[in-house]
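A short worksheet on the structure shown next.
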Amino acid sequence: MSRAAPRQDNLHADMTLKTEPITINIGPQHPSTHGVFRMRVTFDGEVVVDVEPVFGYLHRGSEKLAEERTYTQIVTLTDRMDYVASMTNNQSYILSVEKLAGIEPSPRGVWLRMIAAELQRIASHLVAIGFLIQDLGAWGTPLIYAMREREKILDLFEMLCGARITNSYLRPGGVFMDAPDEFWPALDALLDELPARIDELDDLLTNNEIIVARTVNVAVIDPATMVNASITGPMLRAGGVDWDLRHRDPYDYYERVKFDRPLHTASDNNARYWVRLQEMRESIKIVYQCIEQIEPGPVRPAEVPFLVRPPVGDAYGIVEAPKGELGFYLVSDGGISPYRCHVRAPSLINLTLLREMLVGGMVADMFVSFGSIDINMGEVDR
Amino acid sequence: MTIAWKGEELAAAIEAFAPDAVIQHNDTDVWVSPASLLDVAAGLRDRPEFRFDLLSSISAVDYIGHYELVYHLTSLPRNMKAVVKVRCGEGRSDPEVPSVTAVWRGADLQEREAWDLMGIRFPGHPNHKRIMLWEGFPGHPLRKDFVTYSQSVIEPEQAHTE
């Protein structure tokens with residue numbers, strides 16, 4: 001299953017050809033960097049000896065822009081941070097605003113945004129798995145399988161709010177509009193179909209000999225180091241640390257739904273893939289429970305004004321986004337826009353250990369390890 | 001449910017191992033002095049009553065009269081959270097706070113971000129460079145006195161020199 005010997009020792013043992021280290025820029029324009037990201041990598045032959053990530057090519061100053069917009073307008077800025085998981089970005093931001101302004105959300109709005117967030121988690125994990133396998137060299141097929149399912153979820157989002165990627169669906173107090181009648185049968189049809197599609201991906205990929213050979217025991221990180229480096233999300237759970245905010249610090253109505261937390265102990269690229277695959281199944285369970293418990297009613301309280309004016313103070317709202325813990329720290333001076341809006345971006349912070357993950361590995365494994373972190377450049381640079 | 005430390009209790013618990021570290025506290029937050037931050041951080045991470053092993057977030061805020069760093073801490077083994085704040089740069093002098101990267105490695109990129117966008121220096125940081133913007137970018141954009149785009153003073157030739 002795993003490689004025969006530690007690669008580095010093996011490579012250097014009987015090396016007759018003398019090589020000298022060479023530094024290469026990978027990115028910012030590179031198909032495997034998932035956006036505009038640059039790594040300054042030093043190689044010795046095919047072995048990575050040093051990595052320096054260079055950020056900032058997609059920096060749009062979202063935090064500064066937020067200081068000049070009203071609380072409702074900022075929802076559109078959060079969409080554009082992690083643009084494959086807009087719903088959870090909205091959710092994190094809205095939770096902070098509700099905490100800051102003391103808004104009690106409408107139950108139907110909360111159930112709707114939980115359904116949206118869990119569908120978004122499935123969509124984001126599908127993208128993560130599809131591109132991870134693409135980075136492994138399986139050009140096309142698994143990615144298209146994953147994207148096909150994601151497309152159906154985006155169709156549902158289009159019914160909910162008219163947009164597919166940049167949803168802006170949530171508002172302080174709930175969501176901006178109730179789901180149309182045709183949404184519910186479409187959601188049922190998707191939920192009937194999705195488990196079989198996830199099984200199909202599972203059959204195709206999990207025990208695939210090439211994938212196992214390429215991902216098991218590659219880029220292993222120690223769980224204690226990950227916690228110290230603030231790494232969260234599926235990456236942490238792939239190291240066996242049972243930390244899921246939906247379970248440990250439930251927000252919205254997550255304490256009213258039951259789900260398992262898939263944990264793996266290997267903490268390698270394969271474990272990170274496996275945890276994401278299993279989490280999609282748990283998300284389907286959560287959506288079913290939301291549908292059972294949702295009740296008719298307003299989707300947001302009528303008394304919440306369009307211009308929210310929170311009292312002076314600060315609030316930190318945090319959710320379990322597909323990439324990890326996503327938090328918004330908002331400071332209010334009593335006006336219609338936040339005095340300061342800071343984003344705790346999981347994509348950026350999960351890159352803290354990038355060097356440790358890649359150094360000592362091979363060039364070909366570099367992109368796989370990088371892909372297994374599952375970052376989104378819109379969120380790294382903001 | 002994660003238990004949030006109350007400001008008063010946290011202040012008393014910090015005083016127990018780091019005397020004179022706490023400057024003030026309110027219901028939820030505790031302000032500590034920059035000089036004692038490293039001791040407080042190490043204590044919060046290692047002492048059995050806290051075990052704050054995950055530094056969730058570092059936020060920098062410009063309050064015009066001073067700057068403030070907000071440390072959101074989480075304890076995985078005990079499922080607790082706490083907020084510690086540090087005030088620096090009184091009267092818009094150059095703000096400086098010791099780096100906590102030696103205690104929590106997760107501070108690495110977040111402190112670089114605070115330096116880049118808010119201009120707070122972190123002595124002791126292993127890689128104290130800008131992160132989002134390029135070296136030589138004039139000013140720190142998240143400061144309240146930064147001149148925004150329409151009045152920008154960035155010359156084309158200043159862009160992207162490394």
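Does A:MET366 meet the test of being within 22 Å of the chain's Cα centre (by Cα) and either modelled with pLDDT under 90 or closer than 30 Å to A:MET226 by Cα (or both)?
So A:MET366 passes the test.
Could you please find all residues in the range A:1-26 being at pLDDT 75 or above and within 22 Å of A:THR215 (Cβ to Cβ)?
Of everything in the range A:1-26, just one residue is at pLDDT 75 or above and within 22 Å of A:THR215 (Cβ to Cβ), namely A:ILE26.
Is there a residue being part of a loop (DSSP other than H, G, I, E, B) and either within 15 Å of the chain's Cα centre (by Cα) or among the aromatic types (Phe, Trp, Tyr) (or both) anywhere in the range A:305-320?
So far as the range A:305-320 goes, yes, one or more of its residues are part of a loop (DSSP other than H, G, I, E, B) and either within 15 Å of the chain's Cα centre (by Cα) or among the aromatic types (Phe, Trp, Tyr) (or both).
Each row is one residue, and each column tells you yes or no for (1) among the aliphatic types (A, V, I, L, M); (2) in contact with a strand residue (DSSP E or B) (Cβ under 9 Å, 6 or more places away or on another chain).
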residue	(1), (2)
A:GLU303	no, no
A:PRO310	no, yes
A:GLY313	no, yes
A:TYR329	no, yes
A:SER337	no, no
A:ARG340	no, yes
A:LEU351	yes, yes
A:GLY361	no, yes
A:SER372	no, no
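A quick yes/no check of all residues on (1) among the aromatic types (Phe, Trp, Tyr); (2) over 29 Å from A:GLU63 (Cα atoms); (3) out of contact with any strand residue (DSSP E or B) (no Cβ under 9 Å at 6 or more places or on another chain):
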site: B:SER36; (1), (2), (3): no, yes, no
site: B:PHE50; (1), (2), (3): yes, yes, no
site: B:SER56; (1), (2), (3): no, no, no
site: B:SER59; (1), (2), (3): no, no, no
site: B:TYR63; (1), (2), (3): yes, no, no
site: B:HIS72; (1), (2), (3): no, no, no
site: B:SER75; (1), (2), (3): no, no, no
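Determine if the range A:187-207 includes at least one residue that is away from chain B (no Cβ under 14 Å), polar (S, T, N, Q), at positive phi and in contact (Cβ under 8 Å) with a residue 24 or more places away in the chain.
Checked the range A:187-207: no residue is away from chain B (no Cβ under 14 Å), polar (S, T, N, Q), at positive phi and in contact (Cβ under 8 Å) with a residue 24 or more places away in the chain.
Residues of the range B:55-75 being at the interface with another protein chain (Cβ under 7 Å from one of its Cβ atoms) and in contact with an Asp or Glu (Cβ under 9 Å, 6 or more places away or on another chain), which ones? Spell out the reasoning first.
In the first step, residues of the range B:55-75 are kept if they are at the interface with another protein chain (Cβ under 7 Å from one of its Cβ atoms); the result is B:55-57, B:59, B:61, B:70, B:72.
Of everything in the range B:55-75, those that are at the interface with another protein chain (Cβ under 7 Å from one of its Cβ atoms) and in contact with an Asp or Glu (Cβ under 9 Å, 6 or more places away or on another chain) turn out to be B:SER56, B:SER57, B:SER59, B:VAL61, B:VAL70.
Can you confirm whether A:SER92 is in contact with a Ser or Thr (Cβ under 9 Å, 6 or more places away or on another chain), buried (at least 24 other Cβ atoms within 10 Å of the Cβ) and under 19 Å from A:GLU158 (Cα atoms)?
No; evaluated as a whole, the condition is false for this residue.
Quick one: in the range A:104-126, of everything that is touching a helix residue (DSSP H, G or I) at 6+ places or on another chain (Cβ under 7 Å) and farther than 20 Å from A:VAL275 by Cα, which residue is surrounded by the fewest Cβ atoms within 10 Å (Cβ to Cβ)?
So in the range A:104-126, the residues touching a helix residue (DSSP H, G or I) at 6+ places or on another chain (Cβ under 7 Å) come out as A:105, A:111, A:113-123, A:125-126.
Right, trim to farther than 20 Å from A:VAL275 by Cα and you get A:105, A:111, A:113-116.
Working: A:PRO105: 23, A:TRP111: 25, A:ARG113: 28, A:MET114: 25, A:ILE115: 25, A:ALA116: 27.
Result: A:PRO105.
Can you say whether A:PRO301 is touching a Gly at 6+ places or on another chain (Cβ under 9 Å) and either away from chain B (no Cβ under 11 Å) or free of Cβ contacts under 8 Å to residues at least 24 places away in the same chain (or both), as far as the supplied structure shows?
Yes.
Could you check, for the range A:349-359, whether at least one of its residues is surrounded by fewer than 22 Cβ atoms within 10 Å (Cβ to Cβ) and more than 28 Å from A:ARG38 (Cβ to Cβ)?
No, that holds for no residue.
Among the residues of the range B:88-143, what is the count of those that are charged (D, E, K, R), within 13 Å of the chain's Cα centre (by Cα) and more than 14 Å from every other protein chain (Cβ to nearest Cβ)?
2
Here is a check on your reading of the model: is B:THR28 under 28 Å from A:GLU255 (Cα atoms), of a type outside the set (Gly, Ala, Ser) and over 19 Å from the mean Cα position of the chain (by Cα)?
Taking the combined requirement at face value, the residue does not satisfy it.
What pairs come out if I take residues in the range A:48-77 that are buried (at least 17 other Cβ atoms within 10 Å of the Cβ) and pair them with residues that are of a type in the set (Lys, Arg) and assigned to a loop (DSSP other than H, G, I, E, B) whose C-beta lies under 6 Å away, six or more apart or interchain?
A:SER62/A:ARG382
Across the range A:331-347, what is the number of residues that are of a type in the set (A, V, I, L, M), part of a strand (DSSP E or B) and in contact (Cβ under 8 Å) with a residue 24 or more places away in the chain?
Residues meeting the conditions: 1.
What pairs come up if the first residue lies in the range A:18-37 and is more than 13 Å from A:MET366 (Cα to Cα), the second is at pLDDT 75 or above and part of a helix (DSSP H, G or I), and their beta carbons are under 6 Å apart, counting only those six or more places apart or on different chains?
A:GLY35/A:MET377; A:VAL36/A:MET377; A:PHE37/A:MET377
Output the residues belonging to the range B:114-148 that are assigned to a loop (DSSP other than H, G, I, E, B), of a type outside the set (D, E, K, R), modelled with pLDDT of 85 or more and over 20 Å from A:PHE37 (Cα atoms).
Across the range B:114-148, the qualifying residues are B:GLY119, B:ILE120, B:PHE122, B:PRO123, B:GLY124, B:HIS125, B:PRO126, B:HIS140, B:PRO141, B:LEU142.
Only one of these is over 22 Å from A:ILE153 (Cα atoms), free of Cβ contacts under 8 Å to residues at least 60 places away in the same chain and more than 12 Å from chain B (Cβ to nearest Cβ): A:ARG248, A:ARG256. Name it.
Values: A:ARG248 fails: more than 12 Å from chain B (Cβ to nearest Cβ).
After applying the criteria, what remains is A:ARG256.
Would you check which residues across the range A:304-313 are over 27 Å from A:LEU187 (Cβ atoms), surrounded by fewer than 24 Cβ atoms within 10 Å (Cβ to Cβ) and in contact (Cβ under 8 Å) with a residue 40 or more places away in the chain and list them?
A:PHE306, A:LEU307, A:VAL308, A:ARG309, A:PRO311, A:GLY313
This table checks each residue for (1) in contact with a His (Cβ under 9 Å, 6 or more places away or on another chain); (2) part of a helix (DSSP H, G or I); (3) surrounded by 23 or more Cβ atoms within 10 Å (Cβ to Cβ).
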| site | (1), (2), (3) |
| --- | --- |
| B:GLU8 | yes, yes, no |
| B:ALA16 | no, yes, no |
| B:GLN24 | no, no, no |
| B:LYS81 | yes, no, no |
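What residue, of A:ASP244, A:ASP268, is within 15 Å of A:GLY324 (Cβ to Cβ) and crowded, with 16+ Cβ neighbours inside 10 Å?
Of the residues listed, the single one that is within 15 Å of A:GLY324 (Cβ to Cβ) and crowded, with 16+ Cβ neighbours inside 10 Å is A:ASP244.
Test A:ALA101 against the stated conditions and say whether it is over 20 Å from the mean Cα position of the chain (by Cα), of a type in the set (A, V, I, L, M, F, W, C) and either modelled with pLDDT under 90 or over 20 Å from A:ASP249 (Cβ atoms) (or both). Write out each step before concluding.
On the way: over 20 Å from the mean Cα position of the chain (by Cα): yes; of a type in the set (A, V, I, L, M, F, W, C): yes; either modelled with pLDDT under 90 or over 20 Å from A:ASP249 (Cβ atoms) (or both): yes.
Considered against the rule, which asks whether it is over 20 Å from the mean Cα position of the chain (by Cα), of a type in the set (A, V, I, L, M, F, W, C) and either modelled with pLDDT under 90 or over 20 Å from A:ASP249 (Cβ atoms) (or both), A:ALA101 comes out as yes.
Given the structure, is B:ARG51 among the charged types (D, E, K, R), closer than 22 Å to B:ASP27 by Cα, within 13 Å of chain A (Cβ to nearest Cβ) and not in a loop (DSSP other than H, G, I, E, B)?
So B:ARG51 fails the test.
The values are calculated or read from the model by the stated rules, or taken from the named source; none is laboratory data. The shown structure was predicted, so the numbers you read here are calculated from the model rather than taken from an experiment. As a convention, Cβ positions derive from the backbone with ideal geometry for all residues, glycine included, and neighbour counts pool all protein chains shown.
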